[in-house]
Every structure is written in structure tokens, then in C-alpha cells.
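Structure record follows, encoded as C-alpha cells.
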Amino acid sequence: MSKATLTNNAGLVVGCLLVAVLVITIIYELCGFVLMWREAHQHRCTVKAKRFCKQARTPTRAHPGDAGLDLYACIPFGDGKVTVRPGETVMIPTGWGFELPLGFFGGIFARSGLASRYGLRPANCVAVCDSGYRGEYIVPLHNDSSEERTVSHGDRIAQLVVLPYLSVALKEVDALSATERGEGGFGSSGR
């Protein structure tokens, strides 16, 4: 075999090895992506939802991957509007109830735009709906602004995030373990 043929064969072998490494890298990355996607979607669970009012809008996510489901006001009576005066809290029905899995709760959070622009938020800041609750989810909407606000049927009023929790048992003791912070409460760490 000539020296030129050996050089060409060596170049071909190196080229094939580089292509093989590239293909293996692509397959590895694709497998990693598939595993990551599978893991992310393994944690997805189905929650049973009951419509309490036939005019209720189905809770939705604004974007894929959003943590919260937007909850909509269900006000099918009168003119379909409710006024919330400054400093007032009004109970706004959503028209939906949910059967959450044991070990999870429904956290009802403010919608950031509604709270920051219009001063409307859940009165208890975050409502906790336990997994055993089977009634309609009702949002106690509070007006922190100095102006009257109108909520209309179908308006997005809050968001529901389903979260796991750790069930704890309390054990009464005479003393708690010592820490650097100790009993330092509100403002103890400074500004």
C-alpha cells in the first residue's frame, strides 16, 4: 500500500470517527432532552374539576409551563358585574370546584397585574384550599386601591397553583433547640 493511500485511509477513518462522535453527541443530547421532558411531565397529575355554574369559564394557563391556572369571575346574575369599593372585600365565585390529590393543596394567589395595577388581590393574600374540600372555589377579592373597581363575569381574578405539602405531627416540648437567631422576630435581622 502506498503512503498516499495510507494517508487517505487515515483521513477517512478520522473523518468517520468525528462523524460518529457527532452522531453520538446528538443522540446523547436528544436522550437527555427526552428524559428531561419525561421527568417534567411525570409529575403532572390530572385533577378532577366540577363545574358549579354552567356559565363559568374553564380555568386556563396563559402560557405553556405556567404554574398557575387563571380563575375567572362567575357572575351570571344581574348585569354580570360586582363593584368592589376601596378597602372592601367581596366574595367572587369562580363556578368551579376541584378534587385535589391527597398531599396537595390549592393555593389561590393574586394575579400580579391585577394586584399591582388595580389593587385587587385575595383578601387573605394566599388562600389555602385543602384536598378534602369539594365545594366551589370562591375568591375573597379585596380592593387595596382608593378607587372603586368593577369585576365583570369572565374577568380573570386570581390564579390557582396546586402545591404539595408536608404533613407534620406536633410534639409538645418544654424547650426548643437553641439557634443563633433565638426568639428574634419581626425586624430582628435589620433592614
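The values are calculated or read from the model by the stated rules, or taken from the named source; none is laboratory data. Note that the structure is a prediction, hence the values are computed from the model and not measured. FYI the Cβ positions are ideal-geometry reconstructions off the backbone, even for glycines, and counts take in every protein chain you see.
Looking across the range 69-81 at every residue that is touching a residue at least 12 places away in the same chain (Cβ under 8 Å) and assigned to a loop (DSSP other than H, G, I, E, B), the one that is farthest from Phe98 (Cα to Cα) is identified as Gly80. Of the strands (runs of 3 or more DSSP E) lying entirely inside the range 82-191, the ones with 3 or more residues being of a type outside the set (D, E, K, R) are found at 89-93, 96-99, 104-109, 127-130, 138-143, 149-152, 156-164.
Screening Glu148 against (1) under 12 Å from Val82 (Cα atoms); (2) surrounded by 18 or more Cβ atoms within 10 Å (Cβ to Cβ) leaves a single unmet condition, (2). Looking across the range 43-69, the residues that are charged (D, E, K, R) and surrounded by 12 or more Cβ atoms within 10 Å (Cβ to Cβ) come down to Lys50, Arg51, Arg57, Arg61, Asp66. Taking residues in the range 164-185 that are farther than 30 Å from Gly106 by Cβ, and partners anywhere that are modelled with pLDDT under 90, the pairs with Cβ atoms closer than 9 Å and at least 6 places apart or on different chains are Arg181/Ser188; Arg181/Ser189; Gly182/Ser188. The requirement of being at pLDDT 95 or above and under 19 Å from the mean Cα position of the chain (by Cα) is satisfied by Glu99.
Taken residue by residue, the range 152-159 has at least one member that is of a type in the set (A, V, I, L, M), closer than 30 Å to Lys81 by Cα and within 23 Å of the chain's Cα centre (by Cα). Looking across the range 86-117 at every residue that is free of Cβ contacts under 8 Å to residues at least 40 places away in the same chain and closer than 13 Å to Ala158 by Cβ, the one that is surrounded by the most Cβ atoms within 10 Å (Cβ to Cβ) is identified as Ala115. Annotation: Ala56 fulfils all but one of (1) of a type in the set (Gly, Ala, Ser); (2) modelled with pLDDT of 70 or more; (3) farther than 30 Å from Ile75 by Cα; the unmet one is (3).
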